[in-house]
Structure formats: structure tokens, C-alpha cells
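Down below is the structure, laid out as C-alpha cells.
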Amino acid sequence: MIRFEICDDAEAAARATARLLAEAAEAGGDIALSGGSTPGRSYELAAAADWSRARVWWNDDRCVPPDDERSNYRLVEETLLDRLAAQPEVHRVHGELPAEEAAAAYDRELEGVTLALTLQGIGPDGHTSSLFPGFPSLDERERRALATPAGFEPFVDRVTMTIPVLRAARLVCFLVTGADKAEIAARALAGPADPAIPSSLVRSESGETVAILDRAAASALDRR
């Protein structure tokens, strides 16, 4: 089951997401963050919280140096980490390494970790993290992180957490905004689990799954 929180606009959705991030950070949890164009405002707002006891991870990242404009680490650094009074413990993907080497290192680092919260988005093709439709990564059940080619722009290799790690999170939070995401959000969040829509496969197994949408992104949900 998913708990839906429908907000008036993208700013309200960002604030609702920031509250969840702040609660997890102040509780000292392991928090996995995402990249993309949507969550930056949430990170800015959540920077008012105390992150000093938290441990920050990345759901996925591109195999580029951390200062590259395509880096998810760089997005989080600029919108969250650089704004904090006290830093959390940071566990980034070492994207400057070859993809397989970076994935193996991240896999080892994730051993024994249970995420308190993972923040997920939904791509236009239904992907989340770097879990793309039709890719072998969807079938991985042993490793915690793996290398994968890109299924969406920019086309550079990626490292991603696997579905078992994401499903084990105590809180899976989807943040989706904009009318252009309405149809895919309805299919991913209100339809059946479908490997053709990887985001439909990511649900907390023992905790809670929350979907925060603005009204534009939620506009197709009623039809489901």
C-alpha cells in the first residue's frame, strides 16, 4: 500500500518531502538521496535540520567525477551539504572510478546497512534510481549495488542500489511533480507491479511507502 500526499504545488511538495528528510536526519538514520531536477528544493529546505548524526548515501550516481555537472553527488553537495552547519557521515559513489570498481566498493560499503529513508523519483520511462526498463539490474537479488549502462540521458555508465536494498528501507518516499509526469506516475504508483515500469517494483517491504505529488502530477491518479 502507498500513502499519497497530494500538495497544491511543487513548492508544497518540496516542503512535505523536506520534513520527512529532516525527521530522518535528526533521528540519525541512513538516508539515500536521488538526483535529477526535482529534489533540489527539498534539499535546500531540509538543510535547516541537524544532519550531524545522519549517514547520507546515494541511490545511484553517474560514473563521472564528483564535481561534474552530471553528478548526483554534486547536486546534493550544492543544495544540501554546503548549507549545513554540521556535516553528516557521507557515503558517496566514487564515480571517478571505472563503473564495476565503483559498484564493488559501494556494494561492500552497504553491507549491513538498512536505510531509514530512500528518496525516489520517477523518470519519463518509469525508471527510478538507475533501474531501467528491461535491464538485468531488475533481476539482481544478491548484490547491494551494481554497475549498469544508462537507459536514459545522459548516456554514461551508472552505479545503482539494487531493488532488495531499496525495498528494505523503512520509508520509501517518491517525490513527483509536474503535469508531464502525471501518466507515468499513475502507472507507477496506482498500477500493478510491472518490470516495464521499474518504479512500480520499489515498495517498502516492512515499513511505509509514501508518494508526495503536486496536483499536476497527481491529475491522472483518479483514472486508476
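The values are calculated or read from the model by the stated rules, or taken from the named source; none is laboratory data. Since the model is a prediction, treat every value here as computed from it, not as a measurement. Note: ideal-geometry Cβ built from the backbone for every residue, glycine included; neighbour counts use all protein chains shown. Keep in mind that these areas ignore ligands, DNA and RNA; they rest on the heavy atoms of the full protein, side chains included. Shrake-Rupley method; radii C 1.70, N 1.55, O 1.52, S 1.80 Å.
Which of the peptides 156-163, 207-214, 130-137, 191-198 is most tightly packed, and how do the rest follow, judged by the mean count of other Cβ atoms within 10 Å per residue? Could you put the intermediate results ahead of the total?
On the way: 156-163: 23.5, 207-214: 21.4, 130-137: 19.4, 191-198: 14.6.
Sorting 156-163, 207-214, 130-137, 191-198 by mean packing, highest first, produces 156-163, 207-214, 130-137, 191-198.
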Report summary line: With +1 on the Cβ of every Lys and Arg and -1 on the Cβ of every Asp and Glu, the dipole magnitude of the chain about its Cα centre, in debye rounded to the nearest 20, is 620
Requested in this report: Using +1 at the Cβ of each Lys and Arg and -1 at the Cβ of each Asp and Glu in segment 1-111, identify which of S34, A12, V93 lies farthest towards the dipole's positive end.
Outcome: A12
Query raised in the report: Carbon-plus-sulfur fraction of the accessible area of segment 77-188, 1.4 Å probe, in percent?
Result: 48
Query raised in the report: Can you list the HN-Hα couplings for segment 34-40, worked out from phi with the Karplus curve (6.51, -1.76, 1.60; θ = phi - 60°), rounded to whole Hz and with x for Gly and Pro?
Result: 10, x, x, 8, 7, x, x
Query raised in the report: What 222 nm value per residue comes from the helices of the chain, counting each DSSP H run with n ≥ 4 as -39,500 (n - 2.57) and dividing by all residues, nearest 500 deg cm²/dmol?
Result: -7500 deg cm²/dmol
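Suppose all protein chains stay in the model; what accessible area per residue would a 1.4 Å probe give for segment 38-158, in Å²? Numbers along the way, then the final one.
On the way: 5370 Å² over 121 residues.
I get 44 Å² per residue for this part.
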Report task. Let me know the charge dipole size of segment 1-54 about its Cα centre in debye, to the nearest 20, where only the beta-carbon of Lys, Arg (+1) and Asp, Glu (-1) is charged. Result -> 100
Query raised in the report: What residue among L115, G134, A104 has its Cα farthest toward the positive end of the dipole of segment 98-198, where the charges are +1 on Lys, Arg and -1 on Asp, Glu, each on the Cβ?
Result: L115
Requested in this report: Give the ranking of D50, D139 by solvent-accessible surface, highest area first, calculated with a 1.4 Å probe.
Outcome: D139, D50
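For a test of the definition: using alpha carbon positions, the gyration tensor, and the 1.5 limit on a/c, classify segment 95-224 as rounded, prolate or oblate. Could the numbers behind the result be given before it?
Details: a/c = 2.13, a/b = 1.52, b/c = 1.40.
Prolate, because a/c is 1.5 or more and a/b exceeds b/c.
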Query raised in the report: How many percent of DSSP beta bridges within the chain run antiparallel, rounded to 5?
Result: 25
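Rounded, prolate or oblate: which fits segment 19-121, taking a ≥ b ≥ c as square roots of the Cα gyration tensor eigenvalues, rounded meaning a/c under 1.5, else prolate when a/b beats b/c? Walk me through the numbers before you get to the answer.
Details: a/c = 1.89, a/b = 1.32, b/c = 1.43.
Oblate shape, in that a/c is at least 1.5 and b/c is the bigger or equal ratio.
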Query raised in the report: Amide H neighbours of C7 under 5 Å, counting only residues 5+ apart in sequence or on other chains, H built in-plane at 1.01 Å?
Result: L213, D214, R215
Query raised in the report: Pick the calculated Rg and Dmax of the Cα atoms in Å for this structure from (i) 19.0, 57; (ii) 19.4, 71; (iii) 15.9, 45?
Result: (iii)
Requested in this report: May I ask you to rank R144, R53 by accessible area, largest first, using a 1.4 Å probe over the protein chains only?
Outcome: R53, R144
